[in-house]
Amino acid sequence: MEDKDFISTTEADLIVKIITLIEQGRSSVIRQTQNIMTITYFEIGKYIVHFEQNGNIRAKYAKKTLENLSKQLTIKFGKGFGVDVLSNMRKVYSIFQNSDKVCRKSELLATTWSNLLFLSRLDNQNERDFYLIETNKQRWSLNELKRQFNSSLYERLVLSKDKEKIWELSKQGQIITEAKDLIKEPYILEFLGLEEKSSFAENDLETAIINKIERFMLELGKGFLFESRQKRITFDEKHFHVDLVLYNRILKCFVLIDLKIGELTHQDLGQMQMYVNYYDRFVKMEDENPTIGIVLCKDKSNALVEITLPKDNNQIFAAKYLLYLPDKEELKRQIENM
């Protein structure tokens, strides 16, 4: 940092800079503390597992070992080392000890302990590996991780992918290389707080999204930036408005979103095609990729979408949205029937 960065022209500026410095310092301390806790607990689990393996300890003796260990650690360090806590340390290490097949050990140990503990409770290894990778990549908090799990992100991505690409989810996480990689089925918008049976207009849906734009973009996925709402485009003295205009910095292209509160029609797809054509011809620059259009609708006919759009379509997509958390078991049954 150069000396000029320390110069404050006003007292208010000085206060802001010092507050920012303190907040950054505290955040750094919190992150370091969390990392140290994860590393320590992981190593304790390692010691316990290796002790039991080397001594061929049976279950009933293993429990007695944890009880004795808990008693001694509590005498030395106070609360925080109950039998259940130590058992969790053993479980987390047992599950993630070979995690370098999924991500580097340093990335694993940079994950908060609460996130690892939550992930250790997932029975499906592919699902667990996927969430571990995405937690590390996206730096999800525990609340965000739980929300992504409860919204069945893994199952929705599986249902949205070709069979040959499903394996990538548990090995690499969500990889975005082309337009269709952005699409989920369905999108979950329970955070908007709109009642499923309530009567609301498309403008109400749009306003709710704008009010929760950060969470909406997290639901959309990686690399999204917000540009505008109700973006007007004009030709032949006629005005049209795109509900939401976003930009994806990974694919380096505009993403146009139209919101529909009812069932999708072929006119909706045609309108989006017009928006995409306009952006490709008059807005995007030469070094940017073709524009993507997404129509978010309450319901749709896959047959209608397929017959309306060209066979080689890779720009226009229709996807359903739900205003409530999906039935995870139903999604799993759909995956089994793929």
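The values are calculated or read from the model by the stated rules, or taken from the named source; none is laboratory data. In this text the structure is predicted, and so the values were computed from the model without any measurement. Here the Cβ positions follow ideal geometry from the backbone for every residue, glycine too, while neighbour counts run over all protein chains shown.
Structural remarks
- Here the condition is being farther than 18 Å from Q172 by Cα, of a type in the set (A, V, I, L, M) and crowded, with 19+ Cβ neighbours inside 10 Å; of V92, V83, V49, it holds for V92 alone.
- Within the range 305-316, residues that are among the hydroxyl-bearing types (S, T, Y) have Cβ atoms under 7 Å from residues that are in a helix (DSSP H, G or I) in these pairs: T308/H266; T308/L269, counting only partners at least 6 apart in sequence or on another chain.
- Test for T135: is it at pLDDT below 90, among the β-branched types (V, I, T) and under 22 Å from N248 (Cα atoms): no
- When the helices (runs of 4 or more DSSP H) confined to the range 52-136 are screened for residues that are within 15 Å of F149 (Cβ to Cβ), those reaching at least 1 such residues are found at 113-119.
- Within the range 137-190, the set of residues being small (G, A, S) and in a helix (DSSP H, G or I) comprises S160, S170, A179.
- Residue among S120, S87, S70 that alone is small (G, A, S) and not assigned by TED's automatic domain parsing to the domain that holds M37: S120
- Residues of the range 301-338 that are hydroxyl-bearing (S, T, Y) and surrounded by 14 or more Cβ atoms within 10 Å (Cβ to Cβ): S301, T308, Y321.
- Search result, residues across the range 224-240 that are under 16 Å from L296 (Cβ atoms), surrounded by 13 or more Cβ atoms within 10 Å (Cβ to Cβ) and not basic (K, R): F224, F226
- Where helices (runs of 4 or more DSSP H) fall entirely within the range 221-338, those with at least 2 residues that are closer than 27 Å to I175 by Cα and modelled with pLDDT of 95 or more are at 266-282.
- Test: I36 is surrounded by 13 or more Cβ atoms within 10 Å (Cβ to Cβ), of a type outside the set (D, E, K, R) and at pLDDT below 85: no
- Contact map, the range 65-80: first residue more than 15 Å from G45 (Cα to Cα), second residue surrounded by 12 or more Cβ atoms within 10 Å (Cβ to Cβ), Cβ cut-off under 6 Å, separation 6 or more or different chains; pairs are T74/F81.
- For D162, the conditions (1) modelled with pLDDT under 85; (2) surrounded by 14 or more Cβ atoms within 10 Å (Cβ to Cβ); (3) within 23 Å of L322 (Cα to Cα) are fulfilled apart from (2).
- From the list N143, N136, the one residue that fits, being within 18 Å of the chain's Cα centre (by Cα), surrounded by 17 or more Cβ atoms within 10 Å (Cβ to Cβ) and not aromatic (F, W, Y), is N136.
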